[in-house]
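Derivation of every value follows stated rules applied to the coordinates shown; laboratory data play no part. Remember, it's a predicted structure, so these values are computed and weren't measured experimentally. So basically every Cβ, Gly included, is an ideal-geometry build from the backbone, and we count neighbours across all protein chains shown.
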Amino acid sequence: MNLEQRTYLLVTGASRGIGRELAEQLARQLLPTGSVVVLLGRSEPLLQETKASILADRPKLDVHSCSLELATASAKDFGRIFDKTLPVNGCNEFERAIVVHNAGTLGDTSQHARELADTKILEQYYHINLFSALALNSEFMRVFAGIPKLVVNLSTLAALEPFSSMAYYCTVKAAREMYFRVLALEEPSTETLVLNYAPGVIDTQMTLQVQRESHDPALAAAFKEQRESKTMLTPQQTVSKFLQVLRAQKFKSGDHVDYRD
Ligand SMILES: NC(=O)c1ccc[n+]([C@@H]2O[C@H](COP(=O)([O-])OP(=O)(O)OC[C@H]3O[C@@H](n4cnc5c(N)ncnc54)[C@H](OP(=O)(O)O)[C@@H]3O)[C@@H](O)[C@H]2O)c1
C-alpha cells in the first residue's frame, strides 16, 4: 500500500498511548499538501500536544483536534466533525480516507464476570467502546462513499481468548471485531479495506491499570514482570510494525493481524 497520497485521516484516542503514536507515524507518511488529519479524544491539551508534534514534522498538513466524550457520542456528533474538517469541495479531492478506531477502555478489572449486574455501567462502557465506533464508522462510510477507504480497528488477543478479570474488555472487543468482519464481508469491493490489528502488549495507561487493579494477581504480576524486564512493547514498536503490515498488505479485508504474527 502506498500511503503517500492525499488522505483524510481520523484517529480516535489520539491524545496518548498507541493512538497518539499511530496519528504521528501515519501523518508522517501522507502527502502533506491536501491531506487532513483529525485527532479525537477528550483531553484537548493532550490532543494539542499530538497536533504540535505532527505539525513540527509536517507543517503543511491540515491538522484538527476535536474533543469528544465517546460515552455519549452520536452519529450527529461525528457528522458535525466531518462537516467541520472537510474542505469546501467535500471529500472528492482525497485519494484515500482512513479511520482508525483506536480509543478504548479496559472496564472494571476488579470485578469478576459473575458480578456484572449494573446495566447502566455496562451501557456506558459499551457506548464508549462499541456503539461510538459503530456510529463513527457508519458516518465515515456514508461521507466517503466512492472514495478508497481504509478502516482500522485496534483489536487484541482478548477479542479471541478469555482473560480472567477482563469480562468487560473481552466481550466488547469480540463484538467490535465481529462488526468489522461483517463490514468487510458486506463491502467486498476494493474500495473498502478493513484491518483488525492487535498491537501486542504495550506499555500504556491501559496496561498500568491491569497491574494496579486486576483481581487476578497472576495477570497483574505477568504484566508487571513484562514492564519491569522491558519486554513489554512500546507504542513506537507496535506502530512501526503496523505500518509494515499496511505496506506489505498481505492481509485480506477483515483479517485479524497480531503484532506477534
Ligand atoms: N495497551 C495494550 O497493551 C493494548 C493491547 C491490545 C489492544 N489495545 C487497544 O489499543 C487501543 C489504545 O490503547 P492504549 O493502550 O493506547 O490506551 P490508553 O493509553 O488508555 O489510551 C486510550 C485512548 O482512548 C481515549 N479515550 C478513553 N476513554 C474515552 C472516552 N470516554 N471518550 C473519548 N476518548 C476516550 C483516551 O483519550 P482521553 O483520555 O483524552 O479521552 C486515549 O487517547 C485500545 O483500543 C486498546 O484496547 C491496547
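Listed values, structure above:
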{"read-out": "Given the chain, longest segment not containing exposed loop trypsin sites (Lys or Arg not before Pro) (DSSP; at most 13 other Cβ within 10 Å)", "value": "61-229"}
{"read-out": "For the chain, built as a Gaussian network whose Cα springs stay under 10 Å, the top-fluctuating residue of Ala159, Ala222, Ala145", "value": "Ala222"}
{"read-out": "Net charge, Ala174 excluded, C-beta distance under 12 Å - Lys, Arg +1, Asp, Glu -1", "value": "+1"}
{"read-out": "Percentage relative contact order, segment 16-108, counting C-alpha pairs under 8 Å, at least six apart", "value": "31"}
{"read-out": "Cut-off 14 Å between beta-carbons: net charge of the residues surrounding Gln226, Lys and Arg +1, Asp and Glu -1", "value": "+1"}
{"read-out": "The chain: most fluctuating residue of Val143, Val100, Val88 per GNM, C-alpha cutoff 10 Å", "value": "Val88"}
{"read-out": "Sequence-distant lysines (8 or more away, or on other chains) whose Cα lies within less than 28 Å of Lys252", "value": "Lys149, Lys173, Lys241"}
{"read-out": "Highest-MSF residue in the chain out of Leu185, Leu47, Leu39 [GNM, Cα springs under 10 Å]", "value": "Leu185"}
{"read-out": "Cleavage-rule hits, GluC sites (Glu not before Pro), segment 69-113, DSSP coil, Cβ neighbours within 10 Å at most 12", "value": "Glu69"}
{"read-out": "Segment 39-153, dipole about Cα centre (Lys/Arg Cβ +1, Asp/Glu Cβ -1), debye to the nearest 20", "value": "260"}
{"read-out": "Rg ratio (alpha-carbon, reference 2.2 N^0.38 Å) - segment 50-203", "value": "1.15"}
{"read-out": "Rg ratio (alpha-carbon, reference 2.2 N^0.38 Å) - the chain", "value": "0.98"}
{"read-out": "Inter-centroid distance (Cα atoms) of segment 182-261 relative to segment 5-68, Å", "value": "20"}
{"read-out": "Relative contact order of the chain, defined on C-alpha pairs under 8 angstrom at six or more residues apart (%)", "value": "19"}
{"read-out": "Cβ-defined net charge surrounding Ala27, 14 Å radius [Lys, Arg +1; Asp, Glu -1]", "value": "+1"}
{"read-out": "Over segment 81-171, volume per residue of the alpha carbon convex hull, in Å³", "value": "103"}
